[in-house]
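To start, the structure under review is shown below, and the notes come after it.
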Amino acid sequence: MISRRSMLVGAAAIAGFSAKSARAMDVFRLGLTPVFLDNDAEVVDRLRGAFADTLGIPVELEQRRTYEEVTGLLLEGSVDAAWLCGYPYLQHRKSLELMAVPVWNGRPLYQSYLIAESDNTATTLADLRGGTHAFSDPDSNSGYLVTASDLARMQERPDSFFKRTIFTFGHRNVVRAVGDGLVQSGSVDGYVWEALTKTEPDLTKRTKVISKSEWLGFPPFCTRADRAGEPAIRAMRLALLDMGKTAQGKAALDLLQLDRMAAAQPSLYDGIAKRMRELENFL
């Protein structure tokens, strides 16, 4: 994996890569999943502007409803890079390479939260047996894998442990489903739940956190491994790492409630890989 230091060698690295990028392609396409707050329009505009300014070419943000769709776009080459989840990154680890990882509250880590209605008396996952439950996406670590692997440790499966399960295809939608009483509990990205406590406190106060997972690798930006050396991809990697140095980039980070972007090693996702093995071995 290329270190941050080696990527920054050369006084005009970004400018050089950007110029090559402009000659190599007319537009850079970045795929987005529901990793963050419902792909908020203001955030999307800020991201597009920040990256376009640095790369010197237009940037199109391709948004899709599911992780599977965005991962598919990346693997087939319809997008040049994508903000994925650690789970699909590991599912296709041989084909993908990490570009950068967001840093939240000083670390490139987050947790999965198990939440319930605020007046629910449950205090553990076991207490939710026979209830209704919302997952975010079948390829989400925090919105599915963590709870599914916790159940596997109990020799249980989601479809038999819960009376009914749904996929909301968005972490904010999980919180809404629980808060509005559509389901009794849900599995959600802890970063999103915490961010919503600041932006939509009336929503999160209708829910409560029953448990939190261990700290796991934050959803990363990835590209195809066989394209990692392309000038445009290298330029985007640098644009991500230096995102906080531009006005639009800083504004986007602030809206996302993130500190910055950092380089990452695959080992950051060892905890997710462990849960994947546990679930696969049980099934």
- Task: Could you tell me whether region 161-176 includes any residue that is part of a loop (DSSP other than H, G, I, E, B) and at positive phi?
- Result: yes
- Within region 132-160, track down each residue that is in a strand (DSSP E or B), under 23 Å from P219 (Cβ atoms) and over 19 Å from the mean Cα position of the chain (by Cα). H133
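Do you know which of the residues in region 54-98 that are charged (D, E, K, R) and part of a strand (DSSP E or B) is surrounded by the fewest Cβ atoms within 10 Å (Cβ to Cβ)?
Of all residues in region 54-98, those charged (D, E, K, R) come to 60, 62, 64-65, 68-69, 76, 80, 93-94, 97.
Next cut, part of a strand (DSSP E or B) only: 60, 62, 97.
On the way: E60: 13, E62: 16, E97: 21.
Among them, the one singled out is E60.
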- Task: For region 200-214, state whether one or more residues are modelled with pLDDT of 95 or more, farther than 30 Å from D259 by Cβ and buried (at least 18 other Cβ atoms within 10 Å of the Cβ).
- Result: no
- Of all residues in region 120-156 being out of contact with any strand residue (DSSP E or B) (no Cβ under 9 Å at 6 or more places or on another chain) and touching a residue at least 60 places away in the same chain (Cβ under 8 Å), the one that is surrounded by the fewest Cβ atoms within 10 Å (Cβ to Cβ): Q155
- Query: So is G244 of a type in the set (G, A, S), surrounded by fewer than 23 Cβ atoms within 10 Å (Cβ to Cβ) and not in a helix (DSSP H, G or I) or not?
  - Reply: no
- Taking only pairs six or more apart or across chains, which ones have beta-carbon atoms under 6 Å, a first residue in region 261-272 that is more than 14 Å from Y87 (Cβ to Cβ), and a second residue that is β-branched (V, I, T)? A262/V101; A262/V103; A264/V101
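Name the residue, out of V103, V70, that is in the same structural domain as R48 (by TED's automatic domain parsing), of a type in the set (V, I, T), over 21 Å from A148 (Cα atoms) and in contact with a Ser or Thr (Cβ under 6 Å, 6 or more places away or on another chain). Break it down stepwise before answering.
Details: V103 fails: in contact with a Ser or Thr (Cβ under 6 Å, 6 or more places away or on another chain).
Among V103, V70, only V70 is in the same structural domain as R48 (by TED's automatic domain parsing), of a type in the set (V, I, T), over 21 Å from A148 (Cα atoms) and in contact with a Ser or Thr (Cβ under 6 Å, 6 or more places away or on another chain).
The values are calculated or read from the model by the stated rules, or taken from the named source; none is laboratory data. Note that the coordinates shown come from a computational prediction; the quantities given were computed from them, not determined experimentally. FYI the Cβ positions are ideal-geometry reconstructions off the backbone, even for glycines, and counts take in every protein chain you see.
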